[in-house]
């Protein structure tokens with residue numbers, strides 16, 4: 001778990017560092033050349049990246065509620081909540097950091113194994129194509145995410161009353177999704193998002209009554225909506 005947390009923090013730090021380079025990296029005036037001492041030409045002076053007039057509000061924060069459809073039939077359909085902070089590097093590219101919460105009811109071999117509380121933490125790269133339609137700004141987007149899944153088990157009665165065992169460790173998490181933002185005001189958008197999250201988590205149960213073992217896969221489809229505020 002400690003190694004997973006370190007990996008997620010490293011990815012997040014790298015994305016923040018990249019955003020700093022793109023947002024405020026120094027460059028030089030192309031019209032100024034250094035011809036050496038005594039040439040009479042001034043040395044090139046650092047310049048800021050040009051400000052994009054179409055990006056007056058680069059920071060965004062959003063909240064999304066989603067239905068969760070697990071790929072494993074032994075895990076029940078659930079509900080997820082998610083909060084994301086986003087920074088626009090350029091008009092069509094942004095970086096984000098998201099934290100969510102969901103829980104899964106897990107069963108199998110005729111046994112209710114309990115509830116697994118999950119906290120996904122991911123860094124995202126968001127590709128966008130904003131355009132105007134009538135009085136609305138429409139922003140379709142593609143989301144690529146990487147991070148980690150952190151878990152806590154609330155055991156079912158079968159685990160606490162028998163020699164059966166149930167483990168649901170965290171693991172790496174990959175996300176591929178897409179959606180659309182519809183700005184109903186200058187700074188407030190209604191968000192629709194669908195994504196699939198592949199989990200590398202290792203979930204397993206052992207039922208002592210028949211000495212059988214079963215594995216679970218928490219990878220899931222997320223379908224949801226929410227609100228996004230930019231400022």
Spatial extent of region 78-231: Rg and Dmax, with the Cα atoms as the point set, Å: 19.3, 65
Footprinting exposure proxy for 216, 131 (fewest neighbouring C-beta atoms within 10 Å first): 131, 216
Segments 92-100, 59-67 sorted - mean Cβ within 10 Å per residue, highest first: 92-100, 59-67
Estimated D of region 133-213 in µm² per second, where Rh is the Kirkwood radius over Cα pairs and Stokes-Einstein applies at 25 °C, 0.890 mPa s: 151 µm²/s
Exposure proxy ranking, count of Cβ atoms within 10 Å, fewest first, for 185, 165: 185, 165
Simple label model, 7 Å out from Cα along Cβ direction - residue 112 to residue 185, nm: 4.4 nm
Relative contact order [Cα under 8 Å, 6+ residues apart], region 118-202, whole percent: 29 percent
Space enclosed by the convex hull of the alpha-carbon atoms of region 56-97, per residue, Å³: 88 Å³
Protection proxy ranking of 189-195, 207-213 - average other beta-carbon atoms within 10 Å, highest first: 189-195, 207-213
Footprinting exposure proxy for 84, 200 (fewest neighbouring C-beta atoms within 10 Å first): 200, 84
Over region 69-183, relative contact order from alpha-carbon pairs under 8 Å, at least 6 apart, %: 22 percent
Relative packing of 219-230, 68-79, which averages over residues the other C-beta atoms within 10 Å, highest first: 219-230, 68-79
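Values in this text are rule-based calculations from the coordinates and carry no lab data. Computed from a prediction, not measured in an experiment: that's the story for all the values here. Cβ sites come from the backbone with ideal geometry, for glycine too, and all protein chains shown count toward neighbours.
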